[in-house]
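Since the structure comes first, as structure tokens, the remarks are kept for the end.
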Amino acid sequence: MTTTGSDSTYDPPADPAVSAAAAAVEQTPPRTDRRVALVTGASSGIGAATARRFAAGGWHLLLSGRDRRRLEETASGTSAVLLPADLAAPDGAKMLAEAALREAGRIDLLVAGAGIGWAGPFLTMPHTDIDRVLFLDLNATLHLVREVLPAMVAAGSGRVVLVGSVAGAVGVREEAVYSAAKAGLAAFAEALRQELRDTGVGVTLVVPGPVETGFFARRGRPYHRSYPRPTSAGRVAAAVWDAVSESRDDTYIPSWLTLPPRVRALTPGLYRKLLDRFG
């Protein structure tokens with residue numbers, strides 16, 4: 001039952017997963033005095049840069065990705081623990097969350113940075129690639145958050161960082177499915193933030209524009225637009241650090257990227273004319 005209005009209250013039934021997590025938190029002593037961050041997609045790009053930034057800030061890092069060698073490069077010079085995982089595999093999210101909690105005893109921060117892209121006309125996009133992009137960029141992230149959240153809620157603290165994209169805020173032609181997946185993350189972040197109110201757990205949506213990483217090469221098409229210019233993964237990582245430190249709900253990199261969604265919302269006709277002209 002859902003109730004609305006300032007005089008209405010609703011006490012949901014106890015979640016067995018949260019109750020079990022609370023019991024585990026009470027029984028399992030912390031394995032480190034430092035705050036613990038689980039970073040996915042940490043083998044390259046934004047994930048790797050974010051992991052290095054938080055390691056420099058004194059956090060204990062749990063790094064996940066599919067390429068163990070590249071994870072080792074990210075972890076070089078730190079005390080980070082490697083948890084290679086394939087989030088596209090059955091129960092991949094569940095296995096990663098369980099391994100992370102076994103290793104560190106708790107997760108104070110989840111940075112969900114794993115994802116892939118695909119560029120080209122939607123009419124030529126293979127069905128298998130539609131499924132792959134949606135699963136890795138949206139479904140797998142939701143499943144991982146679902147696995148990690150009970151322990152955070154039981155502890156009464158924590159933060160989930162979701163790495164979105166400006167494509168999810170405005171829609172980008174020839175990146176229709178990627179845009180859809182990132183738009184889904186944005187809506188999920190907003191809804192989840194409301195659900196977690198008063199639990200001590202926060203949700204941050206990070207919205208970068210194009211970033212200078214191997215993402216474009218892996219998606220099969222280089223970045224060809226003259227504007228906006230790609231920013232560095234280090235700049236995004238610094239923005240993630242600031243957002244977590246200041247408990248921000250949203251952060252755009254660069255900050256002017258808040259403007260296109262506003263134009264789209266206020267004057268959709270003008271917005272589409274600008275898209276037709278400038279892409």
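The values are calculated or read from the model by the stated rules, or taken from the named source; none is laboratory data. What you are looking at is a predicted structure, and each value in this text was computed from that prediction instead of being measured. So basically every Cβ, Gly included, is an ideal-geometry build from the backbone, and we count neighbours across all protein chains shown. All accessible areas refer to the heavy atoms of the entire protein, side chains included, with ligands and DNA or RNA removed. Shrake-Rupley method; radii C 1.70, N 1.55, O 1.52, S 1.80 Å.
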Mind giving me the FRET efficiency for residue 86 and residue 125? R0 is 25 Å, r the Cβ-Cβ distance, nearest 0.05 is fine.
0.65
How do 179-187, 112-120 rank on mean C-beta neighbours within 10 Å, highest first?
112-120, 179-187
What figure in square angstrom, to the nearest 10, would you give for the accessible area of residue 242 with a 1.4 Å probe?
60 Å²
Using a 1.4 angstrom probe and counting only protein chains, how large is the accessible area of residue 231 in Å², to 10?
10 Å²
When the chain is fully extended, how far beyond the present Cα-Cα distance does residue 272 get from residue 170, taking 0.36 nm per residue of separation?
35.7 nm
